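Reading through the structure tokens given below for one structure.
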Amino acid sequence: MYLPVHNILSNLSGGYHHAKSNHGEGFCFFADIPLSIKSIWQKHPKLRILIIDLDAHQGNGCSSILGKDKRVAILDMYNTVIFPRDRNAEKLVSYKVALCRKTRDKIYLEKLNSMLSKALDEHKPNVIIYNAGTDVYVEDPLGGLNISEQGIINRDEIVFKAASDNKVPILMLLSGGYHKRSGDIVGRSIVKMIQKGILNY
Ligand SMILES: [Zn+2]
């Protein structure tokens, strides 16, 4: 039986989702998410994990390393026309949401809502790892998507509310974000969730 001490954790670095098992890739030196999961499995080998990767880039490292393991499901929403366009890794993503360039808030949040419900219902995770990249932001120089600041705040709320409603512990990693407002957006998002009581479970 897995009994977490805290239901919500965050690491202000982390989310190096492009790193493979034997080499780094795309600003990612090592595969921190797979390493963390394999470490926790040493004590709790039956633990079921859902990785929710909402960074603008495809999380090809995580899916390459973990995609065949039935204890892991990966929900990956990403801009398909930017780096890394790793078609082999893409085949290992359990819940893939391919986004067009310049996708806006409404479509983005609708797709997240529906795929997240499906992933939670089907996989029934014991732990969620949330790769909360802010490079989906409209002014981000690398992400190529058109998500507003409020859209990112709404997105985080959807993910944390789903974790809270299902009583699943969640680890948030900040992953990519290359605009000077990225840090402010993360801060505002967390403050809003604290004010709404979403993080109290
Ligand atoms: Zn990214």
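The values are calculated or read from the model by the stated rules, or taken from the named source; none is laboratory data. Computed from a predicted structure; not experimentally measured. Every residue, glycine among them, receives a Cβ derived from its backbone with ideal geometry; neighbour counts consider all protein chains shown.
Please state which one of Ala89, Ala73, Ala98 is out of contact with any strand residue (DSSP E or B) (no Cβ under 7 Å at 6 or more places or on another chain), surrounded by 22 or more Cβ atoms within 10 Å (Cβ to Cβ) and on the phi < 0 side of the Ramachandran plot. Please lay out each step first, then the result.
On the way: Ala73 fails: out of contact with any strand residue (DSSP E or B) (no Cβ under 7 Å at 6 or more places or on another chain); Ala98 fails: surrounded by 22 or more Cβ atoms within 10 Å (Cβ to Cβ).
Residue meeting the stated conditions: Ala89.
For the condition small (Gly, Ala, Ser), without any contact (Cβ under 8 Å) to a residue 24 or more places away in the chain and more than 16 Å from the ligand (Cβ to nearest atom), what is the one hit in Gly183, Gly187? Let's see the steps before the verdict.
Numbers: Gly183 fails: more than 16 Å from the ligand (Cβ to nearest atom).
Being small (Gly, Ala, Ser), without any contact (Cβ under 8 Å) to a residue 24 or more places away in the chain and more than 16 Å from the ligand (Cβ to nearest atom) holds for just one of Gly183, Gly187, which is Gly187.
Looking at (1) at pLDDT 95 or above; (2) farther than 11 Å from Ile129 by Cβ; (3) outside any helix (DSSP H, G or I), which one does Leu75 not meet, given that it meets all the others?
(2)
Test of understanding: among Asp140, Asp165, which residue is closer than 17 Å to Leu50 by Cα and touching a Phe, Trp or Tyr at 6+ places or on another chain (Cβ under 9 Å)? Show your work before the answer.
On the way: Asp140 fails: closer than 17 Å to Leu50 by Cα.
Going through Asp140, Asp165 in turn, the sole match is Asp165.
Just checking, how many residues over segment 39-63 are more than 16 Å from the ligand (Cβ to nearest atom), touching a residue at least 40 places away in the same chain (Cβ under 8 Å) and in a helix (DSSP H, G or I)?
Summing the residues that are more than 16 Å from the ligand (Cβ to nearest atom), touching a residue at least 40 places away in the same chain (Cβ under 8 Å) and in a helix (DSSP H, G or I) in segment 39-63 gives 1.
Has segment 155-172 got at least one residue that is within 20 Å of Asn11 (Cα to Cα), in a loop (DSSP other than H, G, I, E, B) and in contact with an Asp or Glu (Cβ under 6 Å, 6 or more places away or on another chain)?
Within segment 155-172, none of the residues are within 20 Å of Asn11 (Cα to Cα), in a loop (DSSP other than H, G, I, E, B) and in contact with an Asp or Glu (Cβ under 6 Å, 6 or more places away or on another chain).
Residues are listed down the side, and each one gets a yes or a no for (1) surrounded by fewer than 16 Cβ atoms within 10 Å (Cβ to Cβ); (2) under 13 Å from the mean Cα position of the chain (by Cα); (3) of a type in the set (A, V, I, L, M, F, W, C):
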position	(1), (2), (3)
Ile8	no, no, yes
His18	no, yes, no
Ala31	no, no, yes
Lys38	yes, no, no
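Please pick out the residue among Lys91, Lys111 that is free of Cβ contacts under 8 Å to residues at least 40 places away in the same chain, under 29 Å from His44 (Cα atoms) and away from the ligand (no atom under 16 Å from the Cβ). Can you show your working first?
Numbers: Lys111 fails: under 29 Å from His44 (Cα atoms).
Result of the check over Lys91, Lys111: Lys91.
Anything in segment 1-38 that is charged (D, E, K, R) and either in a helix (DSSP H, G or I) or within 14 Å of the ligand (Cβ to nearest atom) (or both)? List them, or say none.
Applying the first criterion (charged (D, E, K, R)) to segment 1-38 yields 20, 25, 32, 38.
Passing the criteria: Glu25, Asp32, Lys38.
Within the set of pairs 6 or more residues apart or between chains, which connect a residue that is under 14 Å from Gly183 (Cβ atoms) inside segment 134-153 to a residue that is within 9 Å of the ligand (Cβ to nearest atom) and of a type in the set (Asp, Glu) with Cβ atoms less than 8 Å apart?
Thr134/Asp140; Asp135/Asp55
Kindly provide the set of residues from segment 101-116 that are loosely packed, with under 13 Cβ neighbours inside 10 Å and within 12 Å of Tyr78 (Cβ to Cβ), ordered by number.
Listed by number, the list holds a single entry, Arg101.
Answer yes or no as to whether Asn7 is polar (S, T, N, Q) and under 23 Å from Val186 (Cβ atoms). Quick ask: steps written out before the conclusion?
Values: polar (S, T, N, Q): yes; under 23 Å from Val186 (Cβ atoms): yes.
When the stated conditions are applied, Asn7 passes them.
Just to verify a result, which residue in segment 117-154, among those that are surrounded by fewer than 21 Cβ atoms within 10 Å (Cβ to Cβ), among the hydrophobic types (A, V, I, L, M, F, W, C) and in a loop (DSSP other than H, G, I, E, B), is farthest from the ligand (Cβ to nearest atom)?
Of everything passing the filter in segment 117-154, Val138 is farthest from the ligand (Cβ to nearest atom).
Tally the residues that are surrounded by fewer than 18 Cβ atoms within 10 Å (Cβ to Cβ) and over 14 Å from the mean Cα position of the chain (by Cα), restricting the search to segment 155-172.
Matching residues across segment 155-172 total 4.
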